[in-house]
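What follows is a set of notes on a single structure, which appears directly below.
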Amino acid sequence: MSNLPLKIVIVDDEIPARNRLRDLLQDCAEEISLEVVGEASNGLEALALLQSCPADVALLDIRMPEMDGLELAQHLHKLSAPPAIIFTTAYDAHAIQAFEVHAVDYLLKPIRQARLMEALTRIDTAIPPPQEAALRQLRPRPRTHLSVHERDRIRLIPASDVVYLRAELKYVTIRTHEKEHLLEESLIRLEEEFGERFIRIHRSCLVAKDRIAGFEKTPEENGEARWVVLLRGVEEKLPVSRRQLHIVRELGRG
Amino acid sequence: MKVCATLPETLTSIPVSQVTSINQNAYPDALPNFRNLGTMLRILVSVNAMGFAAALLKAPTGHGFMQEFMEIAAVIQPVLLISLLLLYALHRPLARLPYATGIAAVLLLELILTTMTYWFGGTKADNIDMGAISRYWIFGLGVTGVLLGYFNLRSRALSPALSEARLQALQARIRPHFLFNSINAVLSLIRANPKRAEQALEDMADLFRVLMADNRQLSPLQREVQLCRQYLQLEQLRLGERLKVEWHTDNMPPDALVPPLVLQPLLENAVYHGIEPLAAPGIISINIFKHHDEVHMVLRNPYQPDGDRHGGNKMALNNIRERLALHFDAEGRLESKISDDIYQVHITIPFVVTT
């Protein structure tokens, strides 16, 4: 990225904070070649922006409505050319401690120009981006959205829209009440993360607890009866494995 | 203040007499506030409990116990009720007496009341049983003494808590998140709008002056409201359109006395938990009014069910509850509830003004 200007995106929910960063970047521009290509006020906006307008660096505030900076960073990993990420925060003792542990770059607001300059020049010498595992540790709460690739774009699916998740050979199928999507993540990891929202009914299937309408016993071909889950908003019936039969009793409304 | 914060280290180097004199300066002995509902309740409950205990000790059997208790109650209840009324009426003159004289006056009052009740109300009024009356005297004086001692200990125990609460308040109040974000917002204004930046810094100075002041004394409600307005202006600076504030203060008694910083921390919570997690604009409403000699302060903000950790909120609520209890005992209340996506905090305190 020798002579091309460094393309930067500012993501912060507070207008004054964005203005301040723009002023500071303007000051930096006297020394290094850079350009602010866009601003966003939360994670959702930022992801849309970065897909239509790729950038080299994203300055991400941590605490934002809709989608916070730490979750955004996890979704950005799926971009074909993800930007380098620098977190900005006024105060978050927990996150800062974790940043130190995982050597993630962060700037404390109010940000000093010299410190910003240093962070930007370090990007030229390519410091590794924060690892997904590290980001997950930084943000122990479940994501608000799942992100899937769709025709070279990243599509976000609100976790609250998901009816069930089913493991296929290499993928996990996400079923919402209108569509199916393919997700490249492991079901076990998803179960760990979304254990509050979903329950395992089968070795290969997690169902959203609030989408379970009831249980039903249906006869199988070999004569044995089998429990299935009835879902709200989706016609399909999903089998409950023998091992997970206890959930019929626990959630039992069938 | 400093005295109490550093007392443990300096205790060894200061002669004992000096320490007690410092203590006396900080927390002068005083009779309890006989007009406080909490004080009255405590007296009622403890006297009856002691009467109960006395009956239990005197009675040989379970059956005799009821009779004993009725007999004791016949003397105790009138004395108790008349005492409460007289103490209520005499609260001011009694409070003006030196502590020792005040104690003596209360003891004398109880002695007279016990004698009179025994004399006029007792069943065996025709022949005075000196043994029985002296037992009631001892009981009356004992109970009064124990209660006065209890109230004195209680106020001593709570007084340091007041100053402790101030320190705690200081730590809980200034959310670093707010401080640094506000400084950042002011920095962003300096180039584009220096006038507004100046005003913001002035608001910040006022806010921190109060935060760092000695907040043990009650202060006028008007002052607290003014402070809250300045605080919200600072938040408005950062959040702009996202923060909408509605004040309903038409029926507010501006000179009512309130614990300082009773509202500001609640507003800070409202912004942090109610407004900041919202992308769309949210409303904070503050309704302050006087009703039947009570001042009501009602705060509402949007409730975010999956907003992050509410630990900070709980801490602030407990802190304010504690301070209300220290100032008003049972007459100060704080209730919080959630309904229809609105989080509401309702504070009720007795209407007090400076005399």
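The values are calculated or read from the model by the stated rules, or taken from the named source; none is laboratory data. Everything quoted here is computed from the prediction, not taken from an experiment. Cβ: placed from backbone, ideal geometry, glycine included. Neighbour counts: every protein chain shown. Each accessible area value is taken on the protein alone, full model and side chains, heavy atoms only, with ligands, DNA and RNA left out. Shrake-Rupley method; radii C 1.70, N 1.55, O 1.52, S 1.80 Å.
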field: Minimum 20 Å² accessible area buried by the other protein chains, the stretch B:178-208 residues, probe 1.4 Å, relative to alone
entry: B:Phe180, B:Asn181, B:Asn184, B:Leu187, B:Ser188, B:Arg191
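Can you tell me the mean projection area, over all orientations, of the convex hull of the stretch B:196-294's alpha carbons? Units nm², please.
6.9 nm²
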message: Above 19 Å lies some portion of the pair distances; for the stretch A:23-115, what is it as a whole percent of all C-alpha pairs?
response: 42 percent
field: For the stretch A:178-192, Karplus couplings with θ = phi - 60° (6.51, -1.76, 1.60), whole Hz, Gly/Pro x
entry: 10, 9, 10, 9, 9, 10, 9, 9, 8, 5, 4, 4, 5, 5, 4
query: So who's got an amide H within less than 5 Å of the one on A:Cys205, skipping anything under 5 residues away but keeping other chains? H placed 1.01 Å off N, in plane.
result: A:Ala167
message: Report the gain in length on full extension from A:Met117 to A:Arg141: 0.36 nm times residue separation, minus Cα-Cα distance, nm rounded to one decimal.
response: 5.4 nm
query: Rg/Rh for the stretch B:316-355: what does it come to with C-alpha atoms and Rh from Kirkwood?
result: 1.08
query: Accessible area per residue, 1.4 Å probe, Å², for the stretch B:237-355: what's the number?
result: 44 Å²
- prompt: If you line up the long axis of helix A:15-28 against the longest principal axis of chain A, both from Cα atoms, how many degrees apart are they, to the nearest 10?
  reply: 50 degrees
task: Quick one: plug the Kirkwood hydrodynamic radius of the stretch A:88-241 (C-alpha pairs) into Stokes-Einstein at 25 °C, 0.890 mPa s, and report D in µm²/s.
output: 132 µm²/s
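Please give the contour-minus-distance gain from B:Trp137 to B:Glu246: 0.36 nm per residue of separation, less the Cα-Cα distance, rounded to one decimal in nm.
Contour length minus Cα-Cα distance gives 33.3 nm.
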query: Using only Cα atoms, what Kirkwood radius does the stretch A:179-243 have, in angstroms?
result: 13.0 Å
- request: Determine ³J(HN,Hα), in whole Hz, for all residues of the stretch B:348-354 in sequence, where each value follows from phi through the Karplus function 6.51 cos²θ - 1.76 cosθ + 1.60 and θ = phi - 60°; x replaces Gly and Pro.
  value: 10, 9, x, 7, 10, 10, 5
query: Roughly what would the spin-label model give for A:Lys78 and B:Ala205, points 7 Å off Cα along C-beta, in nm?
result: 5.2 nm
query: How big is the stretch B:224-265 on each of its three principal axes, counting only the C-alpha atoms and giving the largest first in Å?
result: 32, 21, 12
field: Full-extension gain in nm, A:Glu191 to A:Arg232, via 0.36 nm per residue minus C-alpha separation
entry: 12.7 nm
query: Interface B/A, total buried accessible area with a 1.4 Å probe, nearest 100 Å²?
result: 1900 Å²
- prompt: Where both residues lie in the protein assembly as shown, what percent of DSSP beta bridges are antiparallel, nearest 5?
  reply: 70 percent
- prompt: Quick one: with all protein chains in place, what share of the accessible area of the stretch A:153-254 is carbon or sulfur, to the nearest percent (1.4 Å probe)?
  reply: 46 percent
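Given 37 °C and 0.692 mPa s, how large is the Stokes-Einstein diffusion coefficient of the stretch B:209-355 in µm²/s, with Rh as the Kirkwood radius over Cα pairs?
210 µm²/s
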- request: Note down the nm distance, to one decimal, between modelled labels 7 Å out along Cα→Cβ at B:Leu81 and at B:Gln222.
  value: 4.3 nm
- prompt: Which distance in nm do the two modelled labels at B:Thr115 and B:Met70 give, with both placed 7 Å along the Cα-to-Cβ direction?
  reply: 3.0 nm
message: Counting only Cα atoms, I'd like the Rg/Rh figure for the stretch B:172-245, Kirkwood definition for Rh.
response: 0.99
Equivalent ellipsoid semi-axes, the protein assembly as shown, via Cα gyration tensor eigenvalues times 5, rooted, Å: 63, 37, 20
